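As structure tokens, the structure follows; a few thoughts come after it.
The values are calculated or read from the model by the stated rules, or taken from the named source; none is laboratory data. From a predicted model like this one, the values you see are computed outputs, not experimental measurements. Neighbour counts run over all protein chains shown; Cβ positions are idealised from the backbone, glycine included. SASA here: full protein model, heavy atoms, side chains in, ligands and nucleic acids out. Shrake-Rupley method; radii C 1.70, N 1.55, O 1.52, S 1.80 Å.
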Amino acid sequence: MNVHDSEKVIGTLLSQGYLQVEEPEDAGLVLYNTCSIRDKAEQKVFNRLQNFKREAGKGKVFGVLGCVAQQEGEKIFDRAPHVSLVCGSASYPRFGEMLVQLEAGSRRVTGLNLETDETFDTPFTRRDNPHRAYITIIEGCDKSCAYCVVPFTRGPERSRTSESVMAEARGLAERGYTEIQLLGQNVNSYRDPSPAGWDFAALLARVAEIPGIRRVRYTTSHPRDFVKRIVDAMDANPVLCDHVHLPVQSGSSRVLAAMDRLYTRDEYMRRIEWLKNAGRRYSLTTDIIVGFPGETEQDFQQTLDLLDEVQYDSLFSFKYSPRPNTAALAMEDRVPEEEKQRRLLTLQEKQRAIQIRRNAEWIGRIQEVMVEGRNQALGQWIGRTSDNRTLNFSHPGSNGDSLVGRYLPVRVTRSGPNSLVGESVSVV
Ligand code: SAM
Ligand code: SF4
């Protein structure tokens, strides 16, 4: 989501006559798009700003965008006085005006208002990838998970009209994009604000029908709003990729309640059952937090059991990181850092064994990949399967021609914990 926010901000800059340069040293305006989901991400921003402090004297202008900007607000001007712009994502619709103020010489420009019903829709998007494009369909978050800073940094939930999403998707297909990734903090909480009133399942089905679009992905789904209609829509059209990312956070219903996640383990497992009994094999991935305040060894064991039960294809795992403004800050019974670390490693080790086993099941099968790039060192092409696995492959007939963006059938010959290896089975 941050990558795509940057694409829209860069597009706005280009449309106002700015030029992009490769190195920060060559820039007159340096903008940091920031993340504050965990403390480590936030600290990085201040370290980077410090590194460039002396450049400020040479007439460079600095800005901080995104979640750290929203969270720290004007305090950033005190901590890094060479910064001239502090702007959270909810204010991006006014980003163009802020640039005008900066150019007029203003050195304390802010965009920090969170009370908005606007989304950042801009025709000026400088997309990094010529084949796969992101489309934000919903911004902000109305949930209140006890550990999470997002509702305080990205503002209330607001969906774009289905008409504007469809127009953007059709425009991308006409320009040759074949893969679309729909984005939102809780993408499946989408609710069309126009009279058409589409829900997420309806939007998914319609985007997948656009001529020229071969793959549609979406991230991130909140389990509470993951309804059966979504699985039915996916089953009905293979353009909707064979992958669902459904963050569980914990396998213990007690911890889930303390986190205010709005579902129990059983309710989560019902969604997993829909996917396991669906018309196709879907790869399942998740996010897990270890060491949430009050998480006992027994709770943690329940998370490990959940991994056995679900058999995820991959997961993102995090040590709980206390965040400002959140309900969990006041919770007692903190898990010591060393114990968080131990739980994280135990979880990752278990998941690695599961991935080794699951990836090996693909050996001998043929999968279609979209070619994403070339690994020169290995002499292999980098492909991605519909179910979001990396499948690196050799393609003897390519003679060095770029295959990037093409769709090819590849036979899997080897597997590892994080990727597959194969050889293409078609002559191009
Ligand atoms: N909206 C999505 C959901 O509800 O599942 C998640 C979005 S959040 C930006 C991405 C992930 O960061 C979460 O799923 C969670 O695992 C992790 N995360 C969020 N806050 C965290 C915190 N304070 N400490 C550790 N991990 C955190
Ligand atoms: Fe954060 Fe929860 Fe909202 Fe996801 S649903 S962004 S974890 S508050």
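Select from the range 123-179 the residues that are within 13 Å of ligand 2 (Cβ to nearest atom) and at positive phi and list them in ascending order.
Listed by number, the residues that qualify are G140, G155.
List pairs: first in the range 137-151 and of a type in the set (D, E), second open to solvent by 10 Å² or more (accessible area, probe 1.4 Å) and within 11 Å of ligand 1 (Cβ to nearest atom), Cβ under 6 Å, 6+ apart or cross-chain?
D142/E157
Please indicate, with yes or no, whether at least one residue in the range 367-374 is in a helix (DSSP H, G or I) and in contact (Cβ under 8 Å) with a residue 12 or more places away in the chain.
To start, the set of residues in the range 367-374 that are in a helix (DSSP H, G or I) comprises none.
No: the range 367-374 contains no residue that is in a helix (DSSP H, G or I) and in contact (Cβ under 8 Å) with a residue 12 or more places away in the chain.
For residues that are more than 11 Å from ligand 1 (Cβ to nearest atom), in a helix (DSSP H, G or I) and open to solvent by 60 Å² or more (accessible area, probe 1.4 Å), tally how many sit in the range 328-349.
So the count comes out to 8.
Take the range 119-158 and flag every residue that is at pLDDT 95 or above, closer than 11 Å to E7 by Cα and aromatic (F, W, Y).
Once the filter is applied, which keeps residues that are at pLDDT 95 or above, closer than 11 Å to E7 by Cα and aromatic (F, W, Y), the range 119-158 yields only Y134.
Suppose we filter P336, P322 for residues that are within 16 Å of ligand 2 (Cβ to nearest atom) and either out of contact with any Cys (no Cβ under 6 Å at 6 or more places or on another chain) or more than 24 Å from S36 (Cα to Cα) (or both); which single one remains? Break it down stepwise before answering.
Values: P336 fails: within 16 Å of ligand 2 (Cβ to nearest atom).
On inspection, the qualifying residue turns out to be P322.
Looking only at strands (runs of 3 or more DSSP E) that lie completely in the range 176-245, which have at least 1 residues being within 15 Å of ligand 1 (Cβ to nearest atom) and more than 15 Å from I137 (Cβ to Cβ)?
Numbers: elements: 179-183, 215-219, 243-245.
It comes to 243-245.
Let me confirm something: among R175, R158, R154, which residue is of a type outside the set (D, E) and loosely packed, with under 15 Cβ neighbours inside 10 Å?
Sole residue among the options that is of a type outside the set (D, E) and loosely packed, with under 15 Cβ neighbours inside 10 Å: R175.
Return the residue satisfying two criteria in turn: it lies in the range 196-209 and is away from ligand 2 (no atom under 16 Å from the Cβ) and open to solvent by less than 10 Å² (accessible area, probe 1.4 Å), and of such residues it is nearest to L262 (Cα to Cα).
Across the range 196-209, the extreme among qualifying residues is A201.
Restrict the check to the range 278-289 and report whether at least one residue is touching a Lys or Arg at 6+ places or on another chain (Cβ under 9 Å) and within 12 Å of ligand 1 (Cβ to nearest atom). It would help to see each step written out before you state the result.
Initially, the range 278-289 is screened for residues touching a Lys or Arg at 6+ places or on another chain (Cβ under 9 Å), giving 282-284, 289.
With the extra rule that they be within 12 Å of ligand 1 (Cβ to nearest atom), the set shrinks to 289.
Scanning the range 278-289 turns up at least one residue that is touching a Lys or Arg at 6+ places or on another chain (Cβ under 9 Å) and within 12 Å of ligand 1 (Cβ to nearest atom).
Do any residues in the range 41-59 that are surrounded by 10 or more Cβ atoms within 10 Å (Cβ to Cβ) have Cβ atoms under 6 Å from those of residues that are at pLDDT 85 or above and assigned to a helix (DSSP H, G or I), where the two are at least six apart or on different chains, and which pairs are they?
E42/V68; V45/V68
Which of the residues spanning the range 350-365 are surrounded by fewer than 18 Cβ atoms within 10 Å (Cβ to Cβ) and among the aliphatic types (A, V, I, L, M)?
Selection gives A353, I356, A360, I363.
Of everything in the range 282-313 that's surrounded by fewer than 18 Cβ atoms within 10 Å (Cβ to Cβ) and on the phi > 0 side of the Ramachandran plot, which residue is nearest to ligand 2 (Cβ to nearest atom)?
G294
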